[in-house]
Amino acid sequence: MDEKLPVRVSTTKIKKETPSVKTFFFDREFPFEPGQFVMVWVPGVDEIPMALSSANSITVQKVGDATGAMFDLEPDAPLGIRGPFGNGFTRGEKMLAIAGGVGAAPILPLARSDCVMTMLLGARTEKELLFVDQLDESTDVIIATDDGTLGQHGFVTDLMKDISLAAYDRIAVCGPEPMMSAVLSKIDSVGLASKTEFSLHRYMKCGVGICGSCCIDPDGLRVCRDGPIFSGELLRKSEFGHYSRDASGRKKNI
């Protein structure tokens, strides 16, 4: 199968995970590494990049036209899938994962792989926490909510002060970029940026490294081909945490 060509799939199940997040299961599995993404075509609307939350599912937060249209879909609705594309997280024997909001989606398959993992999981409120029951099956989960409705009252980054970061051989991070930038600052201050990986989201048109819409400053690395997983060592000298670009290429603050 040529991953550059779209494959028609049908949604077999749509599961409401939180008030703003749904998981869409489809009738075909895609071999992938945790952290890789697919380009999802919503007929008549747009094509957008989405991380796989399993071999046959994507977990979607309603944030724009395409995701809004997806939230109106019924089971058996068609989607187009291209991929998987990009790289995945580097596994370690003892891993720490840090996830905020829908950033737990690409971490879920990593947690299900053969590694010992501790996970710091954050969300605005208890109702927005994602995959807690599933993650509990294979992971030591420590929770923080912005409003204190479950776990520690505060941000997921606040949980980092209570653990020994150096005790882990790999650290995986995914979530809103301001959160990830704050994680990188803390990681870098203790000299662990090189063993920490971040899942970076950028606007994409092609997904295969041709159009250049997802290039990041200053080195022009393409998120679709050189990422979406990048080491903290690389990102600390980039636009990460400062700005991204819209569909026209104009800078917008993070």
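The values are calculated or read from the model by the stated rules, or taken from the named source; none is laboratory data. Bear in mind that the values here come from a model prediction, so they are computed numbers and not experimental data. Cβ coordinates were reconstructed from backbone atoms using ideal geometry, including for glycine residues, and neighbour counts include every protein chain displayed. Heavy atoms of the whole protein, side chains included, go into the accessibility calculation; ligands, DNA and RNA do not. Shrake-Rupley method; radii C 1.70, N 1.55, O 1.52, S 1.80 Å.
Structure notes:
- Residue among ILE210, ILE142, ILE98 with the largest mean-square fluctuation in a Gaussian network model of the chain, springs linking Cα atoms under 10 Å: ILE210
- Rounded to the nearest whole Hz, the Karplus-based 3J(HN,Hα) values (6.51 cos²θ - 1.76 cosθ + 1.60, θ = phi - 60°) of segment 235-248 follow the sequence 6, 5, 10, 10, 6, 3, x, 10, 7, 9, 10, 8, 5, 8, with x at glycine and proline.
- The portion of the accessible surface of the chain made up by carbon and sulfur, rounded to a whole percent, is 49 (1.4 Å probe; DNA, RNA and ligands excluded).
- The chain: antiparallel DSSP beta bridges as a percent of all, rounded to 5: 60
- Using a cutoff of 8 angstrom between alpha carbon atoms and counting only pairs six or more residues apart, the relative contact order for segment 4-69 works out to 28 percent.
- Cβ-isolated cysteines (cut-off 4.7 Å), the chain: CYS115, CYS174, CYS214, CYS215, CYS224
- For segment 45-133, GluC sites (Glu not before Pro) are listed when DSSP marks them as loop and at most 14 other Cβ atoms sit within 10 Å of their Cβ; the list is GLU93.
- Heavy-atom accessible surface of the chain, averaged per residue, reaches 45 Å², computed with a 1.4 Å probe.
- Whole-angstrom gap from segment 211-241 to segment 68-121, using each part's C-alpha centre: 20
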